[in-house]
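Trainee: Handing you a structure now.
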Amino acid sequence: MPFRQYISRHFDELLGKVEAAASPTRYAVLRRKLVLIMVAVAVLPLSIMSVINFEQYQNSLSRELQSPMRVLLNKTRSAFEFFLAERTATVSFVAAAYSFEDLADEHEINRIFQVVKQKFEGFVDLGLIAANGTQVSYAGPYKLKGKDYSEQSWFNEVIFKGRYVSDVFLGFRHFPHLVIAVQHLTEDGSYWVLRATIDTRQFDRLIASAGLEPDMDMFLVNRNGVLQTTSLNYGKVLERLPFEMPGATFETNVRTFTDPEGRDLFMAYTYFPETEYALMAVKPRTSALKTWYTMRTDLVAIFLLGVLFILVAAYKLMGVLIRRLQESDERRELALRQMEHTQKLSSIGRLAAGVAHEVNNPLAIINEKAGLMKDLMGMKADLPDKERYTGLIDAIIRSVERCRGITHRMLGFARQMDVKIENIDVNEVLKETVSFLEKEATYRNIELAMNLADPLPFIASDRGQLQQVFLNIVNNAFAAVADQEGRISVTTWEKGPDTVGISIQDNGCGMNDDTLKHIFEPFFTTKKGSGTGLGLSITYGIVKRLGGDIAVQSKPGQGTMFTIFLPRTAPDGASKS
Amino acid sequence: MSLNMDQWKVLLVDDEEEFVTTLAERLSIRGIQTRTALDGETGLRRLAEEAPHVLLLDVMMPGMRGLDVLRAVKREHPGVQVILLTGQGSTKDGIEGMKEGAFDYMMKPFDIDGLVAKIGEAVAKAAGGR
């Protein structure tokens with residue numbers, strides 16, 4: 001699975017399994033990846049939360065904005081329904097209260113019409129229509145008596161349903177009006193219809209009195225989308241709405257809506273259950289959502305600020321972490337290399353001890369055999385070439401002496417591997433150490449001066465470690481000085497009641513300040529290719545461990561002086577093993 | 001009361017036969033009565049037969065170790081002076097031996113005159129102690 005491989009590869013890197021990649025860039029890559037992961041982990045929930053918050057806030061804000069519209073619409077619808085119901089009831093009452101004969105009488109119907117018109121606004125005319133569709137009598141401003149309605153669809157509908165409320169129309173009256181017609185059944189089964197016309201300018205008054213906000217547009221339409229009142233946005237009475245009617249529902253709905261002119265709107269609508277009308281209101285969203293937009297800007301700003309903060313924090317934190325990691329890696333590597341070095345020295349030491357011991361016994365035999373030969377020759381006065389043989393034997397014995405010196409030195413070196421604190425004569429350790437290099441000094445004609453304070457107090461320290469320290473520094477001095485004119489001086493003195501000072505000075509090539517600054521750092525070397533860069537760092541470590549101090553002074557071309565101060569008593573931490 | 005060199009009695013215990021015979025001959029040439037043994041047990045037996053003034057004892061031997069022999073000698077024949085011979089460059093064994101009661105120690109290879117001088121001192125001590 002490639003994804004899995006990808007993940008595992010990256011995590012191997014994070015966990016440092018890929019040792020081969022242990023380069024400085026690795027830490028940069030590691031840092032980048034960790035920062036990315038951390039930012040992702042932190043930003044993802046933040047984003048999700050922000051989006052959820054955003055949605056919820058938007059929803060609740062919308063509801064908050066919608067509910068006044070809903071209330072207003074319901075109120076206005078009730079007013080409309082009441083208005084229509086009242087007029088319908090009036091017509092029904094007139095039809096029930098008067099007989100056909102009463103109403104057929106022009107005077108009587110006129111009188112009734114005047115009363116109705118006074119009591120209820122909006123009545124334009126009133127007419128009685130017989131079962132055959134002929135207008136029997138009429139009260140109103142038009143001459144409609146005798147008009148035959150039998151072919152008109154509303155007449156059939158009123159016969160069928162008992163009552164009828166028409167859409168708004170202009171008709172031959174040339175102003176918007178609607179018709180309310182009520183069928184009256186007599187006891188003998190015959191029927192007649194009472195028809196009233198209502199001036200729908202009353203509707204505009206109803207809407208105007210609803211208390212609309214200035215940017216709100218409310219209007220009445222029929223189910224086919226034809227305006228029944230004048231709309232501010234979409235035209236006059238009887239014009240068609242420029243958009244599709246929403247699905248019929250008797251509940252009040254509010255929804256967002258973009259009209260054909262591209263305005264973002266809230267649209268609220270409700271259908272009338274009894275009649276063909278729907279009441280509709282629109283309101284621009286922009287004005288309604290002004291608070292919302294400010295809120296959204298704040299939200300985005302806070303989100304971006306948060307992300308920025310996380311980014312910076314992650315970056316800084318990871319920087320610190322990675323630096324620690326790098327340091328600990330380096331320390332671990334140094335410790336490993338030091339241990340390796342110590343182990344190497346220790347096995348060399350053991351080998352040297354073994355060799356020295358094994359060689360000493362045959363050396364003793366050679367020594368005794370040669371000695372015996374000399375003894376025997378000494379007893380024979382007349383031996384020919386006696387002088388020559390004696391010379392040869394003396395040469396053998398001298399060589400044995402030399403070998404003895406070597407093996408004893410090797411054993412001395414081996415001894416230093418046993419780490420232990422003992423009472424040490426620093427002068428003796430220095431002499432022993434320098435003796436390793438005396439041969440080289442002679443070959444290269446380097447002057448080796450020992451200015452040792454005598455007596456020098458013994459110190460409690462580790463002999464082997466001290467030997468290593470001195471050897472490292474003297475070795476460096478040898479590397480620095482030139483043949484013939486090189487001069488190395490080793491000095492000891494009692495620095496104070498509790499401190500012994502040792503200085504090793506050479507007149508070699510010296511070092512510049514840059515080199516001097518890094519001289520005790522691990523892996524820093526000027527011996528490109530041949531040096532490990534560990535010598536002086538180990539030296540430094542040992543001196544510190546022994547409770548001492550080391551300092552260096554140098555000038556390019558003039559030479560270098562290392563100064564070491566050792567305490568007379570071992571530090572508490574030093575092992576006594 | 002000092003003894004002449006030809007009255008000195010020395011027992012040499014070392015596992016290196018060549019070393020033992022040669023050194024014994026050289027000591028004999030100098031008039032010192034020298035007997036030898038090639039291991040610790042034999043050495044202790046020889047010592048029991050006739051106690052010498054000085055025991056020259058190798059520290060590193062197979063079988064009974066030099067320091068064990070030293071302890072046994074010091075227990076049973078406290079008058080016998082022991083000079084340890086050591087192939088180890090270290091003075092550790094020597095110093096330990098001195099603590100156990102050895103007279104002195106010498107590191108191999110050594111100069112015969114130095115050894116004889118040391119034997120002389122030991123004999124003087126052994127004879128004086130009796």
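Trainee: Just tell me which aspartates and glutamates come within less than 17 Å, Cα to Cα, of residue A:147; anything on the same chain fewer than 8 places away is out.
Mentor: A:105, A:106, A:125
Trainee: OK, next. Helix check for chain A. Which DSSP H runs span at least 27 Å along their own axis by Cα, with a mean Kyte-Doolittle hydropathy no less than -1.0? Walk me through the numbers on the way to the answer.
Mentor: Values: long enough: A:24-97 (106 Å, 0.47); A:290-379 (130 Å, 0.22); A:386-415 (43 Å, -0.29).
Within chain A the helices that satisfy the rule are A:24-97, A:290-379, A:386-415.
Trainee: Sticking with this structure for a sec: Relative to the Cα centre, what is the charge dipole magnitude of the protein assembly as shown, using +1 at the beta carbon of each Lys and Arg, -1 at the beta carbon of each Asp and Glu, and rounding to the nearest 20 debye?
Mentor: 500 debye
Trainee: For the stretch A:139-152, just list the computed ³J(HN,Hα) in residue order, Karplus coefficients 6.51, -1.76 and 1.60, θ = phi - 60°, integers in Hz, with x standing in for Gly and Pro.
Mentor: 10, x, x, 10, 9, 10, 4, x, 5, 9, 9, 4, 8, 7
Trainee: Using the eigenvalues of the Cα gyration tensor, what equivalent ellipsoid semi-axes result for the stretch A:77-288 when each is taken as the square root of five times the eigenvalue, whole Å, largest first?
Mentor: The equivalent ellipsoid of the stretch A:77-288 has semi-axes of 36, 16, 15 Å.
Trainee: Can you find, among A:450, A:423, A:342, the residue sitting farthest towards the positive end of the charge dipole of the stretch A:317-474, where Lys and Arg contribute +1 and Asp and Glu -1 at Cβ?
Mentor: About the Cα centre, the residue reaching furthest to the positive side is A:342.
Trainee: Taking the Cα centre of the stretch A:77-288 as origin and charging only Cβ (+1 Lys, Arg; -1 Asp, Glu), how large is the dipole, in debye to the nearest 20?
Mentor: That gives the stretch A:77-288 a dipole magnitude of about 360 debye.
Trainee: What is the calculated FRET efficiency for residue A:512 to residue A:295, with r their C-beta to C-beta distance and R₀ = 51 Å, to the nearest 0.05?
Mentor: In this case the efficiency is close to 0.20.
Trainee: List the pairs from A:117/A:145; A:544/B:99; A:380/B:9; B:9/B:108 whose alpha-carbon separation is above 31 Å, in the order I gave them.
Mentor: Among A:117/A:145; A:544/B:99; A:380/B:9; B:9/B:108, the Cα-Cα distance tops 31 Å for A:544/B:99.
Trainee: Residue B:5 versus residue B:116, label points 7 Å from Cα toward the beta carbon: distance in nm?
Mentor: 0.3 nm
Trainee: Students often forget the sequence filter, so: which lysines lie under 19 Å Cα-Cα from residue A:344 once same-chain residues fewer than 8 apart are removed?
Mentor: The qualifying lysines are A:420.
Trainee: Hydropathy at least -1.0 by Kyte-Doolittle, axial extent at least 20 angstrom from the Cα trace: which helices of chain B, defined as entire DSSP H runs, fit?
Mentor: B:112-129
Trainee: Quick check for me: using +1 on Lys/Arg Cβ and -1 on Asp/Glu Cβ, what's the dipole size of the stretch A:244-293 about its Cα centre, in debye to the nearest 20?
Mentor: 380 debye
Trainee: Related question: PRE reach from residue A:104 (point 7 Å along Cα→Cβ): which of the stretch A:130-157 fall under 11 Å by backbone N?
Mentor: What the label zone holds, given the 11 Å backbone N cut-off, is A:130-131, A:136-137.
Trainee: Need one word for chain B: rounded, prolate or oblate. Basis is the Cα gyration tensor (sqrt eigenvalues a ≥ b ≥ c); a/c below 1.5 gives rounded, then a/b vs b/c decides.
Mentor: Details: a/c = 1.28, a/b = 1.16, b/c = 1.10.
Note, shape of chain B comes out rounded.
Trainee: Taking 8 Å as the Cα distance limit and 6 or more residues as the minimum spacing, I'd like the relative contact order of chain B as a percentage.
Mentor: Once divided by the residue count of chain B, the mean separation gives 25 percent.
Each reported figure results from applying straightforward, stated rules to the coordinates on display, with no laboratory input. No experiment lies behind these values; they were computed from the predicted model shown. When we count neighbours, we look across all protein chains shown, and the Cβ atoms used for this are built from the backbone with ideal geometry, even at glycine.
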